[in-house]
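Report on one structure; see the data block that follows.
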Amino acid sequence: GDSPLASPWAADFPILARPVRKRRLAYLDNGATTQKPGAVIQALEAFYEQSNANIHRGVHWLSQHATDLYEEARERVRVLLNAPDSQDVVFTRGTTEAINLVAQSWGQNVLRAGDEILVTGMEHHSNIVPWQLLCARTGAVLRHARITDTGELDLDDFRAQLNPRTRLVGIAHVSNALGTVNPVAELVRLAHEAGALVLVDGAQAVAHAPVDVQALDCDFYAFSGHKLYGPTGIGALYVRGAILAGMPPWQGGGDMIRTVSFEGSTWAAGPQRFEAGTPNIGGSVALGAAIDYVLSIGLERIAAHEAALLAEATERLRALPGVRLVGTAAHKAGILSFLVDGIHPHDLGTILDTEGVAIRAGHHCAMPLMSHFGIPGTARASFALYNDGRDIDALVAGVRKAQKLFGV
Ligand code: PMP
């Protein structure tokens, strides 16, 4: 319709036309993964129909063609992040693998006993556990800066925890559990003053607003393709060029070497050094198509649409008696975490599901954050560019239905 909350892009997503539980699907679990536009599905199919071969070692035409497509996809990631050079972009399976790569390559090489890693209290487990494993191996110490009652980073505590032993700061650009947008540029400035590098977990950011790693001045930036309308199993890590040059390999095998002999091997320069074995070539090409898709719409427009959805959904849920929002930061992306008095988030999720409304219920892989709020989990609705006012109507109606069923 002509409602300001209508999405002109919903028709690009074939799955949204299928009924779920005999209802119109209101897909509000975009923080977990996004649906895929036809352009991405077709790019994946076209790769396997027209361009499939292994990369980087073939003399034949198709291999060179596939290599070109793979490297063009790397260039698309460079454009998305405004990285200075496509050689600063490493393909990974996703955010989790990107962070583990940094921990095992950079971290294992640099950290010594007593060094410190500082994260925030709102991190996803994938920006906590790799550092715990690294600390166990190196004797380094993992610290975390506290979160306020509104779900924002306590800047004073962050500053107080930074010290000359801090070697790395890990921060979510956007919290997957609360939607809080962290002031990354400011945090990077503070961390650099203290002599620490900064890794930004961009899993919940890249699909929802423009990202510029040069403006942020971060040293590492990780994201997953599947939360950016791309396929699962592909993502990327940006590494500042001067740092990447000094990082040792983390996995060995084909494609990451220059020479191999039984006396010893030498490593490929650039991102190839971190891409052992046959990579997800088709996935990277489809990720490139997903990036073209969002850039052709414009991330500013996407951000404006999702901000309007968030504002409307926030107001409508707030107006319901017995509903409590968790995370009320001044600067939020399109993620809404909430609790309904007398209804466990899982029960709420199950009742919403019967109405065709897909949300996430649970701890959102952020158990320390849930502990901070003293709750086991929340219900979470998270928006994407194809959501519209009808999805919010269905969410609100579903919550009311659950309240009636539970008599609360
Ligand atoms: N960080 C954040 C903030 C996330 O939301 C997620 C996915 N829920 C991840 C990291 C992990 O991403 P992936 O599972 O795609 O590696």
Legend entry - Farthest positive-ward along the range 54-114 dipole, Cα basis, beta-carbon charges - from Leu111, Val79, Ile55: Leu111
Inset, instruction - Sum up the charges of everything whose Cβ sits under 13 Å from the Cβ of Gly253, counting Lys and Arg as +1 and Asp and Glu as -1, but leave Gly253 out. - result: 0
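Rounded to the nearest 500, what is the chain's calculated 222 nm mean residue ellipticity when only DSSP H runs of at least 4 contribute -39500 (n - 2.57) each, over all residues? List each step's numbers first, then the result.
On the way: 13 runs with 145 residues, N = 408.
Theoretical 222 nm ellipticity from helices: -11000 deg cm²/dmol.
Seen from all sides and averaged, what is the projected area of the convex hull of the Cα atoms in the range 369-408, in nm²? Each step should come with its number before you reach the end.
Values: hull surface 16.2 nm².
Across all orientations, the range 369-408 yields a mean hull projection of 4.0 nm².
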Legend entry - Amide proton proximity set for Met256, modelled H, under 5 Å, gap of 5+: Gly277
Legend entry - Selected from Gly202, Val357, Pro231, residue furthest toward positive end of dipole (the chain; charges at beta carbon): Val357
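Using unit Cβ charges (K, R positive; D, E negative) and no other charged atoms, how large, in debye to the nearest 20, is the dipole of the chain about its Cα centre? Don't skip to the end; give the middle numbers.
On the way: 34 positive and 41 negative charges, 188 e Å.
Dipole magnitude for the chain comes out near 900 debye.
With contacts defined as alpha carbon pairs under 8 Å and 6 or more residues apart, what's the relative contact order of the chain in percent? Each step should come with its number before you reach the end.
On the way: 828 pairs, mean separation 96.4, N = 408.
In percent, rounded to a whole number, it is 24.
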Inset, instruction - Take each uninterrupted DSSP H stretch in the chain, measure its Cα extent along the helix axis, and return the ones at 15 Å or beyond whose mean Kyte-Doolittle hydropathy is at least 0.0. - result: 281-297, 389-406
Inset, instruction - Give a quick list of GluC sites (Glu not before Pro) in the range 181-270 that DSSP marks as loop, anything other than H, G, I, E or B, with at most 13 other Cβ atoms within 10 Å. - result: Glu263
Inset, instruction - Return a whole-number percent for the relative contact order of the range 34-97, with Cα pairs under 8 Å and 6 or more residues apart as the contact set. - result: 17
Inset, instruction - Could you go through the range 148-161 in sequence order and give the Karplus-derived ³J(HN,Hα) for each residue, using 6.51 cos²θ - 1.76 cosθ + 1.60 with θ = phi - 60°, rounded to whole Hz, and x for Gly and Pro? - result: 7, 5, 8, x, 10, 5, 7, 4, 5, 5, 4, 4, 5, 7
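Provide the net charge surrounding Arg112, with neighbours chosen by a C-beta distance below 11 Å and charges set as Lys +1, Arg +1, Asp -1, Glu -1.
Working: positive: Arg165, Arg167; negative: Asp115, Glu116.
Taking every other residue near Arg112 into account, the sum is 0.
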Legend entry - Compactness of the range 11-160 as Cα Rg over 2.2 N^0.38 Å, two decimals: 1.44
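How big is the Cα convex hull of the range 110-252 in projection, averaged over all directions, in nm²? All intermediate terms of the calculation are to be shown ahead of the outcome.
Details: hull surface 36.0 nm².
Mean shadow area of the hull around the Cα atoms is 9.0 nm².
Using unit Cβ charges (K, R positive; D, E negative) and no other charged atoms, how large, in debye to the nearest 20, is the dipole of the range 176-310 about its Cα centre? Could the numbers behind the result be given before it?
Working: 6 positive and 12 negative charges, 35 e Å.
Value, rounded to 20: 160 debye.
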Inset, instruction - Using just the alpha carbons, could you tell me how many Å³ per residue the convex hull of the chain encloses? - result: 140
Inset, instruction - Take the alpha carbon gyration tensor of the range 1-59, find the square roots of its eigenvalues, order them as a ≥ b ≥ c, and report rounded if a/c is under 1.5; if not, report prolate when a/b exceeds b/c, else oblate. - result: prolate
Legend entry - Scattering curve values for the range 193-307, log₁₀ I(q)/I(0), Debye with Cα scatterers, q = 0.11 Å⁻¹: -0.47
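Which value, to two decimals, describes the C-alpha radius of gyration of the range 255-408 once divided by 2.2 N^0.38 Å?
Working: Rg = 22.1 Å, N = 154, 2.2 N^0.38 = 14.9 Å.
Output field value: 1.48.
What does the C-alpha gyration tensor say about the overall shape of the range 33-91? Classify as rounded when a/c is under 1.5, otherwise prolate if a/b is larger than b/c, or oblate.
Working: a/c = 2.81, a/b = 1.10, b/c = 2.56.
Oblate.
Each value in this text was obtained by applying a stated rule to the coordinates, not by laboratory testing. Keep in mind that this is a model prediction, so the values were computed, not measured. As a convention, Cβ positions derive from the backbone with ideal geometry for all residues, glycine included, and neighbour counts pool all protein chains shown.
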